[in-house]
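**Q** Please find one structure pasted underneath; my questions will follow.
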Amino acid sequence: MSTDAQAIHHESFIVNLGPQHPATHGVLRIKLTMDGEYILDAEPIIGYGHRMHEKMGENRAYAKFLPNTGRMDYVAALFNGHGYVCAVERLAGLTVPERAEYIRVITCELNRVASHLLWLGAFLVDLGGFTPLLYCFDDREKILDLLESVTGARLTFCYFRFGGVCNDIDDTFVNGTRDFVKLLRSRMPLYHDFVSTNIIFRKRCEGIGLLSADTCRRYGATGPVLRGSGVAYDVRKQEPYSIYPKLDFKIPVYPECDCMARYRVRVDEIVESLRIIEQALDQLPAGPVMAPKVPKILKPAKGDCYFNVESARGSFGIRIVSDGSENAYRLKLRSPCFSNMSLFQEASRGMLLADALALLGSLDLVIPDMDR
Amino acid sequence: MYSLGDIVRLLLYLVGLIGFGAFNAAYLSLLERKQSAWMQLRRGPTEVGPWGLIQPVADGLKLLSKQILLPRDVNVPLFLLAPIMVVVPAIVSLVTIPFSETLVAHRYNLGLLMIFSFGAINIFALLIAGWASANKYASIGAVRVVAQNIAYEVPMLLVVIALVMVTSSFDLVEIVKQQGGGCWHWNLLKLGANPMMPASFLIFFICMLAETNRAPFDMVEAESELIAGAFTEYSGMGFGLFFIAEYVNILIGCSLATILFLGGWDCPFGLFPGPHWFLIKMYALCFTVVWVRWSFPRTQFYGLLNLSWKILIPLALVNLLLTAVMLKLVP
Amino acid sequence: MINYFKEIILGLRTLAIGMRITFVRMFHHRVTLDYPHKTVTMTPRFRGHVILKVADAKPKCIVCMACQRACPSGCIKLDGEKREGAARKSLTSYTLNFTTCSLCGLCVESCAFDALEFSKKYNLTSMHKEDYQAIDLLQQAGGGK
């Protein structure tokens, strides 16, 4: 079909999928050249949600960029903040108290679970099933309640600070999280019965949207997309940061390369994240949550730093070049969604529209993260 | 010919049926919203009237008060004709549905055939709607609906033919009468005539879902792929009529399933037969239709065709053959 | 052939399981909160917009301008004067441009004198932009006279 695109060009037509389309979860526009229901070419056009986050990071003091980090990937806002504070801490040579590191990991993993639950629901909506979304939201609300009780916000957390976190966690949070971990574990069979084994769902995911490990490598796709293609790459294991080396967790990998593999990776990651949270809660040390003597106006020494964290969508990288002043000289954000989306053009060629949308859904795109 | 009394009676029935159809369309939409809400741990509409019971009126007023937009490139006559073409056959089909032995607008000895022929107009209307909209999503939706309805018309009719061979009548009243006297007489359980009867009921029900374009077979609409499919460009009451027609079609499909397989107005225990039993069975089936919609994701388009051509049609053919053999063997 | 029927039966079984799950959930408790009739109480750390803390009928603010400097969006404007006989500066105006405020809470953290706190109000809507372009926090805190 696709190989002979030239010959059947006169029969093709162009469909604009987006920027307002129910399947794109935001302002992503995909220019589809189609032959009937087959996609000849899909050209993603991004930038509708561009807010110049990189430039904003360069013309304001380091601390003033913190609220921005929650606005890039708002579904998993804590990871962006984590990457940013870690990069600045490395530049400024700050050490973080151990308790703060644990709190960071606990909240981040909670956020990862929330993000994957939202994805699960949204993916099913892409496939036309509405009910799982509401069940996922039911569980996700409980995470947001927990995170709201410590951070004060439900989505744009802005919780991490240079040298620690801004609020300590209390027993209510610790006990609430333990209860939640138990609750979500008991809910996993529901998702298994209701979604994973459903024959319609399996027919729509198994063998659909194949992404080879080579395609993922060429486009720099990371996270569950890469792990669904059989590559066990996870920043938490490959370049361990924070307290992850002290924790025992597995990296779920599935070699099938299809939508189902990516789905399974994410569902398994929820379970692994729950394990991480439990371990971190068990090991949680007492102590301060903020490093002593963090200057109010941070002026890191001249230098250059790249820091990578494993966000819910893949590897989120941040590069900061400091010239010794109170603003960064250069701030570069590597968004996992951008790389994951880039492979859509190649991967969707020759696919049916409905299958391509299943593939698009399985990439877990957050458009503002892509546009930054 | 017809006496004056007959004509008045027919007119009264017609008004009653239009009212019945409209009322059911309105309240099935409320049922859909309420039931989906219950399944999803929500409450559904609660604000308009007690328990949201007046919500359909508010919805209707909203649709009525909206402007019917005519996009630039549409084929205006066809664009306006399509909603009418989709709703009229739906209402007309109600005429031959017997609610009880006497409560039927027009007893017609080819009633079953008539409902199927009017049902076929529905596809045509959706195709016109999609084509006249001059919208790519609408066109794709329209093409899909034709492929889907042709694919599902075949097994549905095969099942019905097998059933007609058993009942040897197209008259819906006659078909129900044969099933009178308790649930063991219903066609669903008439295993002596054909051991595959429950399976053929399932095939009929699945085809009915597909024919009325209900999830998980809602390829025409497929909102995550085609926005609103064939209805994308319709606004106001133009959209409202498609909406009404969808629910009236569900009503007819469920009525047919009740009449053909579940014994119509017959009581399952052989006591007090009457229209209430018909309504109970029909609404139970409507409930199931909504229940199915909110439980599953949408099928893939080729999956849908595979289901029809690879599973339903062979099974329906086997069913037909078996019925014929059984009719010969068991006098 | 056996696989053909096996797939049909297994498929139907998974569908039946799915329908059982939704049916059972119809009789569970509702998770919806009847929002306008019932509301949630905000957690103690909820970050609304800032308000001035009051002590002895006077704002605790000493006009050190730290919050104005800390604000990433530049939405806080305040002014003060040194009154005669007073030990420290007193506030004459404190306005918040709520249309650009991102509710990050950096102003509250920057305040060394515990003069700011978060409002717990969240029903903040208006048909007019002007209503929130300059919220007079000083007036809300009971004037500064």
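The values are calculated or read from the model by the stated rules, or taken from the named source; none is laboratory data. Nothing here was measured: the structure is a model prediction, and the numbers come from that model. Cβ sites come from the backbone with ideal geometry, for glycine too, and all protein chains shown count toward neighbours. In case anyone asks, the SASA skips ligands and DNA or RNA and just uses the protein heavy atoms, side chains included. Shrake-Rupley method; radii C 1.70, N 1.55, O 1.52, S 1.80 Å.
**Q** For A:Leu94, which sequence-distant residues (separation of 5 or more, or a different chain) have an amide H within less than 5 Å of its own amide H, given hydrogens modelled in the peptide plane?
**A** Counting only residues 5 or more places away or on other chains, the set is empty.
**Q** Assuming R0 = 41 Å, can you tell me the calculated FRET efficiency for the pair C:Glu109 and B:Leu69, based on Cβ-Cβ distance, to the nearest 0.05?
**A** The pair C:Glu109/B:Leu69 has a calculated efficiency of 0.20.
**Q** Right, something else. What FRET efficiency, computed as 1/(1 + (r/R0)^6) with R0 = 25 Å and r the Cβ-Cβ distance, is obtained for A:Leu183 and C:Asp34, rounded to the nearest 0.05?
**A** 0.60
**Q** In nm, give the distance between the simple-model label positions of B:Asn109 and A:Tyr48, each being 7 Å from the Cα along the Cα-to-Cβ direction.
**A** Going by the 7 Å Cα→Cβ label model, 6.2 nm.
**Q** Note the angle between two axes, namely the Cα long axis of helix B:76-93 and the longest principal axis of the Cα atoms of chain B, as a number of degrees from 0 to 90, rounded to the nearest 10.
**A** Relative to chain B, helix B:76-93 is tipped by roughly 30 degrees.
**Q** Okay, next question. What list of ³J(HN,Hα) couplings, whole Hz, do you get for segment A:241-251 from phi and the Karplus terms 6.51, -1.76, 1.60, once you set θ to phi - 60° and write x for glycine and proline?
**A** 9, 6, 9, 4, x, 7, 9, 9, 8, 9, 9
**Q** Set Lys and Arg Cβ to +1 and Asp and Glu Cβ to -1, take the dipole of chain A about its Cα centre, and tell me which of A:Tyr233, A:Val85, A:Gln283 lies farthest positive.
**A** In chain A, that residue is A:Val85.
**Q** Rounding to the nearest 10 and keeping the result within 0 to 90°, find how far the Cα-based axis of helix C:2-25 lies from the longest principal axis of chain C.
**A** Tilt of helix C:2-25: around 40 degrees.
**Q** Magnitude of the Cβ-charge dipole of chain B, K/R +1 and D/E -1, about the Cα centre, nearest 20 debye?
**A** 360
**Q** Sticking with this one: Which residue, A:Gly26, C:Ile51, A:Ser212, has the largest displacement toward the positive end of the dipole of the protein assembly as shown when charges sit on each Cβ (Lys, Arg +1; Asp, Glu -1)?
**A** Farthest towards the positive end: C:Ile51.
**Q** Right, here's the next one. Can you sort B:Trp309, B:Trp186 by solvent-accessible area, 1.4 Å probe, largest first?
**A** Ranked from most to least accessible, the order is B:Trp309, B:Trp186.
**Q** Moving on. Rounded to whole Å, give me the distance from the Cα center of segment B:166-199 to that of segment A:130-144.
**A** 45
**Q** Once the Cα atoms of helix B:111-132 and of chain B are each reduced to a long axis, what angle between those two axes, in degrees from 0 to 90 to the nearest 10, is obtained?
**A** The two axes meet at around 20 degrees.
**Q** Sequence gap at least 6, Cα distance under 8 Å: using those rules, report the relative contact order of segment B:185-331 to the nearest whole percent.
**A** Across segment B:185-331, relative contact order equals 31 percent.
**Q** Among the listed pairs A:Lys142/C:Lys120; A:Lys296/C:Lys77; C:Lys60/C:Lys120, give every one whose C-alpha distance is greater than 22 Å.
**A** none
**Q** Next up: Show me, for segment B:28-39, the HN-Hα J-couplings you get by feeding each phi into the Karplus relation (A = 6.51, B = -1.76, C = 1.60, θ = phi - 60°), rounded to Hz, glycine and proline as x.
**A** Those phi angles translate into 5, 5, 5, 4, 4, 5, 5, 5, 4, 4, 4, 5 Hz.
**Q** Where is the GNM fluctuation largest for chain A (alpha-carbon springs, 10 angstrom cutoff): A:Asp179, A:Asp126, A:Asp258?
**A** Highest fluctuation of the listed residues: A:Asp179.
**Q** State to the nearest 20 debye the size of the charge dipole of segment A:162-246 about its Cα centre, where the only charges are +1 on K and R beta carbons and -1 on D and E beta carbons.
**A** 420
**Q** Taking the Cα centre of the protein assembly as shown as the origin, how large is its charge dipole in debye, to the nearest 20, when only Lys and Arg (+1) and Asp and Glu (-1) carry charge on their Cβ atoms?
**A** 1840
**Q** If one computes the Cα centroid of segment A:304-372 and of segment A:263-277, what distance in Å separates the two points?
**A** 21
**Q** A drop of at least 40 square angstrom in accessible area, chain alone versus all protein chains together, probe 1.4 Å. Which residues of segment C:38-61 meet that?
**A** Residues passing the criterion (a loss of at least 40 Å², heavy atoms only) are C:Thr43, C:Arg45, C:Arg47.
**Q** What residues have an amide H closer than 5 Å to that of C:Val50, excluding those fewer than 5 places away on the same chain, when H is modeled at 1.01 Å from N in the peptide plane?
**A** C:Ser119
**Q** Would you mind checking segment A:160-182 for residues with the amide N under 15 Å from a putative spin-label position 7 Å along Cα→C-beta of A:Leu284?
**A** Label zone hits: A:165-182.
**Q** At the nearest 100 Å², what buried accessible area, both sides summed, do you get for A and B when the probe is 1.4 Å?
**A** Adding both sides of the contact gives about 2400 Å².
**Q** With label points built 7 Å along Cα→Cβ from the Cα atoms of A:Asp323 and A:Val294, find their separation and express it in nm.
**A** According to this spin-label approximation, the distance is 2.6 nm.
**Q** Send over the Kirkwood Rh of the protein assembly as shown, from the inverse of the averaged 1/r over different Cα pairs, rounded to one decimal Å.
**A** For the protein assembly as shown, inverting the mean 1/r across all distinct Cα pairs yields 30.5 Å.
**Q** Do you know which residues of segment A:174-212 lose at least 30 square angstrom of accessible area in the protein assembly compared with their chain on its own, with a 1.4 angstrom probe?
**A** Hits at the 30 Å² cut-off: A:Leu190, A:Asp193, A:Phe194, A:Asn198, A:Ile199, A:Ile200, A:Lys203, A:Arg204.
**Q** At 1.4 Å probe size, with every protein chain present, just tell me what the per residue accessible area of segment B:85-221 comes to in Å².
**A** Roughly 33 Å² per residue, with all protein chains present.
**Q** With a ≥ b ≥ c the root eigenvalues of the C-alpha gyration tensor of segment B:173-331, is it rounded (a/c under 1.5), prolate (a/b larger than b/c) or oblate?
**A** oblate
**Q** Among the lysines, select those whose C-alpha is under 19 Å from the C-alpha of A:Lys332, and discard any that sit fewer than 8 residues away in the same chain.
**A** Partners found: A:Lys55, A:Lys64, A:Lys299, A:Lys302.
**Q** Could you tell me what a quarter of the Cα convex hull surface of segment B:1-98 works out to, in nm² with one decimal place?
**A** Average of the hull's projected areas for segment B:1-98 equals 10.4 nm².
**Q** Report the full-extension gain for the segment A:Ile14 to A:Ala213: residue separation times 0.36 nm, less the Cα-Cα distance, to one decimal in nm.
**A** Extending this stretch completely gives an extra 68.7 nm.
**Q** OK, next. What percent does the relative contact order of segment C:50-142 come to when contacts are Cα pairs within less than 8 Å and at least six residues apart?
**A** Answer for segment C:50-142 is 38 percent.
**Q** Using +1 at the Cβ of each Lys and Arg and -1 at the Cβ of each Asp and Glu in segment A:311-372, identify which of A:Gln345, A:Tyr329, A:Gly314 lies farthest towards the dipole's positive end.
**A** A:Tyr329
**Q** Sticking with this one: Put a dot 7 Å past each Cα toward the Cβ at B:Leu10 and B:Leu327; how far apart are the dots in nm?
**A** Spacing of the two 7 Å Cα→Cβ label points: 3.2 nm.
**Q** Of the candidates B:Arg293, B:Arg214, B:Arg42, which one comes out as most mobile in a Gaussian network treatment of chain B with C-alpha springs shorter than 10 Å?
**A** The residue with the greatest mean-square fluctuation here is B:Arg42.
**Q** Leaving out ligands and nucleic acids, and using a 1.4 Å probe, what accessible area per residue does segment A:264-336 come to in Å²?
**A** Accessible surface, normalised per residue, equals 42 Å².
**Q** Here is a follow-up. Could you work out how much longer the chain between B:Ala147 and B:Leu191 gets when fully extended? Use 0.36 nm per residue separation minus the Cα distance between them, nm to one decimal.
**A** Answer, rounded to one decimal: 12.5 nm.
**Q** Given a Förster distance of 22 angstrom, what is the FRET efficiency for C:Gln140 paired with C:Arg83, based on the Cβ-Cβ distance and rounded to 0.05?
**A** Once rounded, the FRET efficiency stands at 0.55.
**Q** Note every residue of segment B:25-54 with a reduction of at least 50 square angstrom in accessible area, all protein chains present versus the isolated chain, computed with a 1.4 Å probe, or write none.
**A** B:Trp38, B:Met39, B:Gln40, B:Leu41, B:Arg43
**Q** Still on this structure: In Å and whole numbers, how far do the C-alpha atoms of chain C stretch along each principal axis, longest first?
**A** 98, 31, 31
**Q** While we're here: When chain B is modelled as a GNM with alpha-carbon springs shorter than 10 Å, which of B:Glu153, B:Glu233, B:Glu47 fluctuates the most?
**A** B:Glu47
**Q** Now for a different question. Any idea what log10 I(q)/I(0) is at q = 0.14 Å⁻¹ for segment A:122-218, Debye with uniform C-alpha scatterers and no solvent?
**A** Debye output, listed in q order: -0.78.
**Q** Got a sec to turn the phi values of segment A:28-39 into Karplus ³J(HN,Hα) couplings, 6.51 cos²θ - 1.76 cosθ + 1.60 with θ = phi - 60°, whole Hz, x for Gly and Pro?
**A** Along segment A:28-39, the couplings run 8, 10, 10, 8, 9, 9, 10, 10, x, 9, 8, 8 Hz.
**Q** Measuring from centroid to centroid over Cα atoms, what is the spacing of segment B:238-261 and segment A:5-77 in Å?
**A** Value for the Cα centre distance between the two parts: 40 Å.
**Q** Further question on the same structure: Starting from the residue with the highest accessible area, list A:Asp282, B:Asp59 in decreasing order, probe 1.4 Å.
**A** A:Asp282, B:Asp59
**Q** I've got another one for you. For the protein assembly as shown, give the percent of accessible area contributed by carbon and sulfur heavy atoms, probe 1.4 Å, rounded to a whole number.
**A** The computed percentage sits at 63.
**Q** Using only alpha carbon pairs under 8 Å that are at least six residues apart, calculate the relative contact order of segment B:1-90 and give it in whole percent.
**A** Rounded, it is 15 percent for segment B:1-90.
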